[in-house]
Amino acid sequence: MDTIQKEHDKVRNNSKQSQTLQNVDDIIKQLQSAREAIAEDPNSRQITLAKLQNPVKASFDGIFTGLKDTHGLHNKYTRALDKVFKEKVPSSDIDALSSQPTLIKRSIYLHLLREGLFDVASTFHAEALERQNQQHETAAKLGLDVSMEHPLGLDKSSEENMQEQFSNMYRIVKELKDNHNLQPAIQWARANAAALEARGSNLEFELCRLHFVSLFLEDQDKDPHGIDGPMRALQYAQAEFQSFRGRYLVEIQQLIGAIPFYSNLEESPYQLRFDNSTAWDDVATSFTREFCSLLELSADSPLYIAATAGAIALPTLMKLQTIQKQKRTEWTSQNELPVETPLPPSYRFHSIFVCPVSKEQTTDQNPPMMLPCCHVIAQESLQKLSKGSKLKCPYCPIESHPKDAIRVFL
């Protein structure tokens, strides 16, 4: 994997340092200058074009050289991938998403909006509509009835509102990260205070606390012993922290208590409260998470999560495919995977229960059942063990009747 990372970094660095776009801009400027010169003095056309030849050729040579270098790096990157992933990606005749084209398109569209690629999202949406119209025209000529459902599963108002919302989110995040301007985010948090309060969110206090810290440390570089910054922070706290006293009293007391230590803050017991190294990135992440939650969306793109989870699970599935070929067996179940895939905790969204008796994962058709002794087994295992009469718990000596078992919802 180190070789892949090395080649990947080369490709990425080359794309950042590439002069191709600059060469293209130079050619455009040279052609525009030549056109203006010929328009002013038509008799100078031959001289102007002759002078233009060498600079344009040099720019084109630069473009071709850049493309050649980029092409070479991509080839090396591809070879590095092929060396590590020698086996083909496991294939299956079962395509769970083949019947859900609208879901796939909507996921791509929302992912583009989440990434701030609004022009690309608009183009993708326009092309999806155009393709649908072509299909309708073809179907109409053949006399077929075709559904007029939106290709992305969105109505016009939802689509416009989604673009507007994410555009607003990126504007606020840009102010936070680039300009360290908290006011737009604070205004948004106060406008949505009721919804955030219902979620138990502390976003507004996080923003106000960071504003207090920023005021406190504002002039410290110029005058480490100056009191102006702490006093401005105190005035801000007196004006803005009143509504937070009930829930965040201890934190407010610590922030205010740091004022007497302003000249020696690093050795004070409140130093951690004023560690500003990652505060702006942290508060931008919190704002993005809360913003998306009010739109009833996850903080991360579902498309990104699905692709990442698939990449993490791929080595396990490839190993499974090799074993199945060796043993000449197949996995035919469509509802579950034959092996457990190692995903990080942040990617586990649903609780999973594996029956200790059958060793199979429970489903809606075979739910987990809790016996009176509080041990849990799958419903099918319960039926097999009891056969309609009393059964002995497989984990303890307590006997019970199947009708006393209670379904467990995870």
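With only alpha-carbon atoms counted, please give the Rg and Dmax of segment 354-407, in Å.
Rg and Dmax of segment 354-407, Cα atoms, are 9.9, 28 Å.
Here is the link list: K68/K319; K83/K327; K76/K325; K319/K359; K359/K387. Which ones come out longer than 29 Å on Cα distance?
K68/K319; K76/K325
With point charges of +1 on the Cβ of Lys and Arg and -1 on the Cβ of Asp and Glu, referenced to the Cα centre of the chain, which listed residue (I186, V11, M318) lies farthest in the positive direction of the dipole?
Farthest towards the positive pole: M318.
Which ³J(HN,Hα) values, rounded to whole Hz and listed in residue order, are derived for segment 272-277 from phi using the Karplus coefficients 6.51, -1.76 and 1.60 in 6.51 cos²θ - 1.76 cosθ + 1.60 with θ = phi - 60°, glycine and proline given as x?
5, 5, 10, 6, 9, 5
With runs of 4+ DSSP H residues as the only contributors, calculate the mean residue ellipticity of the chain at 222 nm using -39,500 (n - 2.57) per run, divided by the residue total and rounded to the nearest 500.
Roughly -20000 deg cm²/dmol at 222 nm, from the helical runs in the chain.
Net charge within 15 Å of F244 by Cβ-Cβ distance, Lys/Arg positive one each and Asp/Glu negative one each, not counting F244 itself?
Residues close to F244 contribute a combined charge of 0.
Taking a probe of 1.4 Å, how large is the accessible area per residue of the chain, in Å²?
68
Lys/Arg Cβ at +1, Asp/Glu Cβ at -1, dipole of the chain taken about the Cα centre: which of P372, N133, A195 is farthest positive-ward?
P372
Across 5 Å bins from the origin, how do the percents of Cα pairs in segment 1-80 run, short distances first?
Answer for segment 1-80: a P(r) of 3, 15, 18, 14, 12, 9, 9, 7, 6, 4, 2, 1, 0 percent.
Calculate log10 I(q)/I(0) of segment 180-295 for q = 0.10, 0.23 Å⁻¹, where I(q) comes from the Debye formula with a single equal point scatterer on each Cα and nothing for solvent.
The calculated log intensity ratios at q = 0.10, 0.23 Å⁻¹ are -0.31, -1.39.
Restricted to Cα positions, what overall size does the chain have along the principal axes? Three whole-Å values, descending.
Taking max minus min along each principal axis of the Cα atoms, the chain gives 107, 76, 52 Å.
Which helices, taking whole DSSP H runs in the chain, have alpha carbons extending 15 angstrom or more along the helix axis plus mean Kyte-Doolittle at least -1.0?
20-40, 45-84, 101-114, 118-141, 203-217, 228-240, 245-257, 279-294, 302-327
Using the crude model of +1 on Lys and Arg Cβ and -1 on Asp and Glu Cβ, and no other charge, please compute the dipole size for segment 354-407 relative to its Cα centre, in debye to 20.
160
Which value, in debye to the nearest 20, gives the size of the charge dipole of the chain about its Cα centre, when Lys and Arg are +1 and Asp and Glu are -1 at the Cβ?
1720
The values are calculated or read from the model by the stated rules, or taken from the named source; none is laboratory data. Note that the structure is predicted; figures quoted are calculated from it, not measured. Ideal geometry is used to build each Cβ from the backbone, glycine not excepted, and the neighbour counts take in all protein chains shown. Protein only, heavy atoms only, side chains kept; ligands, DNA and RNA dropped before computing areas. Shrake-Rupley method; radii C 1.70, N 1.55, O 1.52, S 1.80 Å.
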